[in-house]
1. Of all residues in the range 41-60, which are modelled with pLDDT under 95 and loosely packed, with under 11 Cβ neighbours inside 10 Å?
2. From the list Leu27, Leu32, Leu38, Leu16, which one is within 12 Å of Ile55 (Cα to Cα) and surrounded by 11 or more Cβ atoms within 10 Å (Cβ to Cβ)?
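The values are calculated or read from the model by the stated rules, or taken from the named source; none is laboratory data. These figures come from a predicted structure and were not determined experimentally. Neighbour counts run over all protein chains shown; Cβ positions are idealised from the backbone, glycine included.
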Amino acid sequence: MQEQVYKTEAGDTWDLIAFKLFGNENLMQELLEENIELSEIVIFPAGVELSIPEIKEDKKRGVAPWLVQI
């Protein structure tokens, strides 16, 4: 599978990027973990490339863990 990349826009933040990509700003932790070398950046300049982690669909929707079927 080819790695997916997001190129930042000026003013992007971790939670905003997570919302843009996954529809859930609470998934910013997964995004941070995938791009740990950039974790000190709070507000991004334009053009920074971030690796996009694969997120399961139920996690994107914010389904409670006890409701997820295995």
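1. Glu54, Lys56, Glu57
2. Result of the check over Leu27, Leu32, Leu38, Leu16: Leu27.
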